[in-house]
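A.B. asks: Following this message is one structure expressed as C-alpha cells.
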Amino acid sequence: LAPILAGIDEPYPYEFKVFVVDDESLNSEAIPGGYLYINSGVLKTDFADLVVSHEIAHVLRRHTTLELQATLIDSVDTVQDLKSLLTMSSKDPEAISERVMVLRSAIMRYSQQQELQADACAVRLAVASGDADVDTRIDGFIEELQSNQSAVSKTVSTHPGYTQRKAHMKSVYNDMTAQ
C-alpha cells in the first residue's frame, strides 16, 4: 500500500485501510473513506498492486459516493420529496442510511466507464511506483481474470469486457512510457 500511495501526486483526505478477506477468488472492493477489501487470492498474484491501485482509484474518484448520491437523488420525484428526504435525514439519519442501502443493493452498479478509469489509474500508479514490469503484469492480470471468470461472475456484468480492459490498460501504459 505504501509504495502505491507514494505515487499519488495530489493530496487526498483518506487514511487508506486494507482488510484481507479470507477468500481465494480474485475480487476486491473499495468503500468510501478509504476502506479496501482485498480477497486473499488477489494477494497471491503478480498483479496485486494493480488491483489495490484500481480500488484506490475508486476511492479517490469518489465513484461509490457519487453513485450513492445520484441514486438517492434519483429516488425522489419532486422537489418536495427531496425536501422531505433531507428533513428526514436530520431527524433520523439511520432512515437515510437504510434507504441508501436498499437503493444501492437494488440498482447501484459501477459504470463501465468508472471501471476503465480505475484501471487507468492503477496503471499510472504502478508506473509511478517504479515498477518496470507493468506491461507483462497487465497481461497476467487480464489472463487470470478470464481464467477465473466463474469466481468473479458477480462483477462481470458491471465491468467492461476483458479485451476492452486490456486494450485500455495497455494504451495508458504505452502513453506513459512513450513520454
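Read-outs throughout are calculated quantities, based only on the coordinates presented, and are distinct from any laboratory measurement. These numbers come from a predicted model, not from an experiment.
A.B. asks: What residues have an amide H closer than 5 Å to that of Tyr35, excluding those fewer than 5 places away on the same chain, when H is modeled at 1.01 Å from N in the peptide plane?
C.D. replies: For Tyr35, the qualifying residues are Lys17.
A.B. asks: State, as an integer percentage, the relative contact order of region 1-53 based on alpha-carbon contacts under 8 Å between residues 6 or more apart. Walk me through the numbers before you get to the answer.
C.D. replies: Details: 66 pairs, mean separation 17.5, N = 53.
Contact order relative to length: 33 percent.
A.B. asks: For region 16-81, I need the span (max minus min coordinate) of the C-alpha atoms along each principal axis, in Å, sorted largest to smallest.
C.D. replies: So the extents along the principal axes, rounded to whole Å, are 51, 21, 16.
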